[in-house]
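To start, the structure under review is shown below, and the notes come after it.
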Amino acid sequence: MRIFVDEAGMEWDEAWEITRRSVAYTNHTVLAEALERWPQHLVADLLPRVWQIIQEIARRWQQRVDEFYHDGTKTAAMAILWDGEVRMANLCIAGGIAVNGVSALHSQILREDVFRDAYGMEPQKFKNVTNGIDHRRWLSEINPRLDSLIQELTGGPEYLLSPLVLRKLDNFADDDSVLDRLAAIKRANKEEFSNHARRKRGLKLNPDAIFDVQVKRLHEYKRQLLNVLHIITLYQRLQDDPNAITHPHIFLFGAKAAPGYAVAKRIIRLINSLADQIDHDPVCNDKLKVVFLENYRVSLAERLMPASEVSQQISTAGKEASGTGNMKFMMNGALTIGTLDGANVEMHEVLGDENMFLFGLRAEEVERIKREGYVSQRIYHQDPALHRCLDALRSGFRDGVSYDDLYQRLLFGAGGSPADEYLLLADYGAYCDAERRMAEAYKDTRHWNRMSLHNIARSGIFAADRAVAEYADHIWNVPHR
């Protein structure tokens, strides 16, 4: 707008029409802290001419809202400038030709909740484009053994340009020789990752164990802590009965935390405390292991994902916009333990209950429970296993560190946050059951490999090629091949 008005000499309306038609807004999260709000004085001081233009955009937008709704509360919610702040998300909505979320559920939440009033005024702007990943990078390049098998079974490299060709793999679900080869590929990838972990990190990983993986940003809504609570419960069961785990089980974590996110860093320390406790307990020898992979990054993910067998996608329903790790794991044959959140919803649509391990509250149930008044202490007192697990946080482990702060946070709240804000305790029982179902399914090798094959076969819709084509069709209206 500045260039068009100040340098090209355009009238406002002509400049605004060109600008608006050149800009679209993809929202990537419903978290309030990510919908940026900047102090007006900061923008005015640093960018005085841009500030003038924002003021005019805001004035015209607010006038439109007033004329449409005649409701002061809606005007306040949709305003670009309000209470001394520049609301960047509202500026994006006002200034763009389209608004889209990055999964079907996420886009629904934007329409019905986060941007409900804007949707009511301009419903035609709101669209969905589910995220995608580059299958050439995240399958063919990082998993050459699997790539070779796919090309052999589907008749060549066509899937690299037409990812839906992967669906042909479903035809081999009852072919024992194919399932055996798929198992051999996964085993070779696990051995390769184990050797890498030993060389680079001094880790000893048993490639015969279940590789159960949760790698993503460390955030409370992604619920790494729920995973940890289940592991503590498994550990306590082993103390009671050394035969409680019949197949070796390795839990692998990878995560980075924002520099100022103290709770996230405490959870990382807890994972390492628990790993140390288990490593020094002979009862757990070759039955249970926890590993925190430091400095998690793309190059490590490229080694880990082909070796992974279980993908943890356990965010509180309604909080994860989409996820792309879930797609990468699926494409490499890992089976998902997950909530119906983000793109897990669309994964479930193509996989069904029989090819993933769903658990937990749905997004609408989460909202209902919060409205009715959620009391995490009730669950704590009603579930003996959970009670014992949380008490272990207070007493700590062999390194002498107590995690009473996390205990307090789950049962009583802290720092202005409500108790168990992300409903870990509400989903704890269902999550433990999902892990149990997964471990049972793992015992039937043929069945497990068939599920894995179906995951690979039906992952083509999550390729970036499809997402880019949808942006071209539904957002930009441009021709493409």
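Since every read-out is calculated from the coordinates, none of them should be taken as a lab result. Since the structure is predicted, the reported quantities are computational estimates derived from the model, not experimental observations. All Cβ positions, even for glycine, are placed from backbone atoms using ideal geometry, and neighbour counts span all protein chains on display.
In the distance distribution for the range 198-344, Cα-Cα pairs more than 24 Å apart total 30 percent.
A convex hull fitted around the alpha carbon atoms of the range 1-115 yields 110 Å³ per residue. Packing around the peptides 113-119, 197-203, 211-217, 154-160, taken as the average count of other Cβ atoms within 10 Å per residue, puts them in this order, highest first: 211-217, 113-119, 154-160, 197-203.
As I understand it, the value is the acute angle between the Cα axis of helix 224-240 and the longest principal axis of the Cα atoms of the chain; what does it come to in degrees, rounded to 10? Once rounded, the angle reads 20 degrees.
In terms of its alpha-carbon gyration tensor, the range 14-71 comes out rounded; the largest-to-smallest axis ratio a/c stays below the 1.5 threshold. Applying a threshold of 24 Å to the alpha-carbon distances of LYS74/LYS125; LYS328/LYS370; LYS125/LYS319; LYS265/LYS370; LYS125/LYS370 flags LYS328/LYS370; LYS265/LYS370; LYS125/LYS370 as lying beyond it. Summing charges over neighbours of LEU169, with a neighbour being any other residue whose Cβ is under 13 Å away from its Cβ, gives -1 when K and R count +1 and D and E count -1. Within the range 100-252, the proportion of C-alpha pairs whose separation exceeds 23 Å stands at 63%.
Rounded, prolate or oblate: which fits the range 426-481, taking a ≥ b ≥ c as square roots of the Cα gyration tensor eigenvalues, rounded meaning a/c under 1.5, else prolate when a/b beats b/c? Because a/c hits 1.5 or more and a/b fails to exceed b/c, the range 426-481 counts as oblate. Peptide packing for 335-348, 292-305, 363-376, 82-95 was compared via the average number of neighbouring C-beta atoms within 10 Å per residue; ordered from the highest value, the list is 335-348, 82-95, 292-305, 363-376.
Considering only Cα atoms, the convex hull volume of the chain works out to 168 Å³ per residue. Hey, if you drop one equal point scatterer on each alpha-carbon of the range 342-481 and run the Debye formula without solvent, what base-10 log of I(q)/I(0) do you get at q = 0.10, 0.13, 0.20, 0.21 Å⁻¹? Values returned for q = 0.10, 0.13, 0.20, 0.21 Å⁻¹ are -0.58, -0.84, -1.15, -1.20. Rounded to the nearest 500, the helix-only mean residue ellipticity at 222 nm of the chain stands at -15000 deg cm²/dmol, with each DSSP H run of n ≥ 4 adding -39,500 (n - 2.57).
Relative to the longest principal axis of the Cα atoms of the chain, the long axis of helix 363-372 makes an angle of roughly 80 degrees. For the chain, the longest principal axis of the Cα atoms and the long axis of helix 48-69 meet at an angle of about 90 degrees.
For the listed peptides 221-231, 387-397, a ranking on the average number of other beta carbons within 10 Å per residue, highest first, reads 221-231, 387-397. Label sites at SER417 and TRP12, each approximated as a point 7 angstrom past Cα along Cα to Cβ, lie 4.4 nm apart. Phi angles of the range 253-270 translate, via the Karplus equation with coefficients 6.51, -1.76, 1.60 and θ = phi - 60°, into HN-Hα couplings of 10, x, 6, 10, 10, 4, x, x, 8, 5, 5, 4, 5, 5, 5, 4, 5, 4 Hz per residue; Gly and Pro are given as x.
Rounded to whole numbers, the Karplus 3J(HN,Hα) couplings from phi for the range 319-332 are 9, 8, 4, 8, x, 10, x, 4, 5, 5, 4, 4, 5, 9 Hz, using 6.51 cos²θ - 1.76 cosθ + 1.60 with θ = phi - 60°, and x at Gly and Pro.
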